[in-house]
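Reading through the structure tokens given below for one structure.
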Amino acid sequence: MEKPIYPSKYMRITQGYNIGSHIDSYAIDEASIDSSISTINAPFTGIIKKIYPQDANEVWLESTEPVEYPDGTIDYMTIMFAHSNDVSDLFVGKRINQNEPFYTEGTKGQTTGNHCHIECGKGKFTGTGWYKNNGGSFSINNKKKPEECLWIDDSITIIDSANINFKKIEKDIEEPLQPDNPEKQEQDIPVDNKKLIFICPKKDLYGIYLEAQDKLYLER
Ligand SMILES: [Zn+2]
């Protein structure tokens, strides 16, 4: 199951949520490494549900499958991206793979400088995708904080997180090459450390009394 990954390899959040033009929303503005136009990667494998060229080329991407939220919740996720100058290669119903560069920063709509406005929503795309909030802007339906939706990993360089703490995907611990079992340990004991107890005089069946945990080495 996919963990939605932060959509830029360089995190430089120039405006956090609930301030400025983001009042009453959980929107963040991602500007990446510099003032040029950077690409935005798909946080999860998804389907484009809506494009709104009349404003800021807003694009809604809905996950094709339920994804894992940082708190362990399993549900669909929908994210809205805004301000790309060119979405001519996108269409409703287009499938985008996780980590695929599919959107770009830009200045379309009301912006100062190239960036991507990102809003996360819990669950599938609903209604028109957004509603007018108390700040007078349109916010994604079922809005949820970005750090409650997106993960980071070692491939992402944090320049400015705007004091938002994202949960990190920890690498899986590698399995040992050999199982750590007693038989293997016995084989590892050098011959020099074996203690000779008895030399068998002739071929026969012998009985021996052993205490618990005693080890018996037989050498031929
Ligand atoms: Zn914004």
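Given a Förster distance of 22 Å, report the FRET efficiency between residue 14 and residue 153 from their Cβ-Cβ distance, rounded to the nearest 0.05.
The formula returns an efficiency of 0.50 here.
Can you give the translational diffusion coefficient of the range 1-82 in µm²/s, computed by Stokes-Einstein from the Kirkwood radius over Cα pairs at 25 °C and 0.890 mPa s?
For the chosen part, D equals 175 µm²/s.
To one decimal place, what orientation-averaged projected area in nm² is obtained for the convex hull of the Cα set of the range 91-141?
One quarter of the hull surface, i.e. the mean projection, equals 5.0 nm².
Calculate the dipole size of the chain relative to its Cα centre from +1 charges on Lys and Arg beta carbons and -1 charges on Asp and Glu beta carbons; express the result in debye to the nearest 20.
Charge dipole, the chain, about its Cα centre: 400 debye, nearest 20.
Between residue 34 and residue 164, what FRET efficiency comes out of the Förster formula 1/(1 + (r/R0)^6) with R0 = 22 Å and r the beta carbon distance, rounded to 0.05?
Once rounded, the FRET efficiency stands at 0.60.
log10 I(q)/I(0), Debye, Cα-only the chain, no solvent, q = 0.08, 0.12, 0.17 Å⁻¹?
Ignoring solvent entirely, the Cα scatterers give -0.41, -0.63, -1.17.
Determine, for 92, 87, 59, the number of other Cβ atoms within 10 Å of each Cβ, and report the residues in order from fewest to most.
92, 87, 59
Starting from the 7 Å offset along Cα-to-Cβ, what nm value, one decimal, do you get for the label separation of residue 134 and residue 74?
Each label point is offset 7 Å from its Cα along the Cβ direction, giving 3.6 nm.
Neighbour counts of other C-beta atoms within 10 Å: give me 49, 144 arranged from fewest to most.
Starting with the residue having the fewest Cβ neighbours, the order is 49, 144.
With springs connecting C-alpha atoms under 10 Å apart, model the chain as a Gaussian network and identify which of 118, 37, 159 has the largest mean-square fluctuation.
Evaluated over the chain, the most mobile residue of the options is 159.
For a footprinting-style exposure proxy, rank 12, 95 by other Cβ within 10 Å, fewest first.
95, 12
For the range 17-144, divide the Cα radius of gyration by the Kirkwood radius and give the resulting Rg/Rh value with two decimals.
So for the range 17-144, dividing Rg by the Kirkwood Rh gives 0.94.
None of the figures in this text is laboratory data; all of them are computed from the coordinates on show. Source: prediction; values computed, not measured. Backbone-built Cβ (ideal geometry, glycine too); neighbour counts: all protein chains shown.
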